[in-house]
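Okay, structure first, notes after.
The values are calculated or read from the model by the stated rules, or taken from the named source; none is laboratory data. Quantities reported herein were computed from a predicted structural model and do not represent experimental measurements. Here the Cβ positions follow ideal geometry from the backbone for every residue, glycine too, while neighbour counts run over all protein chains shown. Each accessible area value is taken on the protein alone, full model and side chains, heavy atoms only, with ligands, DNA and RNA left out. Shrake-Rupley method; radii C 1.70, N 1.55, O 1.52, S 1.80 Å.
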Amino acid sequence: MWSWSEDLPEEVRASLLEYEKKSRYLIKRSEDQQVVEDVFDKATKMALYRLINRGALQTLIGVVKAGKESRVYWGKKADDTDVAVKIYLTVAADFRRRLPYIQGDPRFTEVGRGIRNIVDVWAKKEYRNLTEAYKAGVKVPQPFNLNRNVLIMQFIGEEGTPAPTLKEVEKVTLRDYRNVTEQITLLYQKAELVHADLSEYNIFKWGSEVILFDFGSAVSKEHPNADEFLRRDLENLNRFFSKKGVKTQNTQTLLKKVKGE
Ligand SMILES: Nc1ncnc2c1ncn2[C@@H]1O[C@H](COP(=O)(O)OP(=O)(O)OP(=O)(O)O)[C@@H](O)[C@H]1O
Ligand SMILES: [Mg+2]
């Protein structure tokens, strides 16, 4: 285990140490009584340190969601803005599963070997996808900063509680369906991307808006499997909305509409 080295500036060390203490506390208190663990490896700590130094982050307040392959934290910038900090974990061997979404994308031709590299590329990929989508006007969390496997973006929600996903809201409507398909169309036609992991779990409903997120898998529409991924996304959506009693469009028709054919 890496211990805090003397080469870190005092204020950064203090901030990270304080966070570490808190996070252990949070982990200890969590329902599953997970054992106290060393959450971050050295490279991740260094990435956080660089982001703090850059002014992109001041503190991490707590865990929003601890997944197998990534963790999302609620953090604050110095000016008190809320941010979501998504940290891809390097211990997750499952990252090999992600290669098919990297290889074939003309934007990411250099993928070296090893988990560390894949994790960093994945974070970079999500950051770029978010940036391109955001620039095209697609409703996504605004990306703010990236270093290695740590991505900082707009926090969607309030006071550390994320907005509900479509999976979690009580009622979904035809309007939500239309809004989502509109965003997918914009994503395809203007950002030239396919989400490739779209489902009710990766769409927030925030007020009357829908916000797409979790863009690690998204590929350029030039990816050889882009069409297949798009079809799968639309099938997932249609399945979810029909189950909820919303009248959906035939997948083939929708596919053509999204592609503008
Ligand atoms: N920008 C954000 N603002 C607020 N909360 C967020 C944000 N991004 C992610 N989250 C929270 O973290 C959870 C997981 O995020 P995301 O889907 O991006 O990660 P993941 O690694 O794909 O996790 P999973 O495997 O559960 O899908 C979301 O369901 C949401 O609760
Ligand atoms: Mg997700």
> Just to be sure, is V172 within 27 Å of A84 (Cβ to Cβ), away from ligand 2 (no atom under 16 Å from the Cβ), assigned to a loop (DSSP other than H, G, I, E, B) and open to solvent by less than 20 Å² (accessible area, probe 1.4 Å)?
Replying inline: yes
>> Return the pair list, or none, for Cβ contacts closer than 7 Å from residues in the range 200-213 that are part of a strand (DSSP E or B) to residues that are acidic (D, E) and more than 10 Å from ligand 1 (Cβ to nearest atom), at least 6 apart or on different chains.
In response: K205/D176; V210/D176
> Which residues, counting only those in the range 40-55, are outside any helix (DSSP H, G or I) and without any contact (Cβ under 8 Å) to a residue 60 or more places away in the chain?
Replying inline: F40, D41, G55
>> I'd like to verify a number: residues in the range 56-75 that are in contact with a strand residue (DSSP E or B) (Cβ under 7 Å, 6 or more places away or on another chain) and not in a strand (DSSP E or B), how many?
In response: 4
>> Quick test for you: out of F204, F229, pick the one residue that is farther than 30 Å from W74 by Cβ, modelled with pLDDT of 95 or more and within 16 Å of ligand 2 (Cβ to nearest atom).
In response: F229
>> Checking the conditions here, which among E222, E235 is of a type in the set (D, E), away from ligand 2 (no atom under 16 Å from the Cβ) and not in a helix (DSSP H, G or I)?
In response: E222
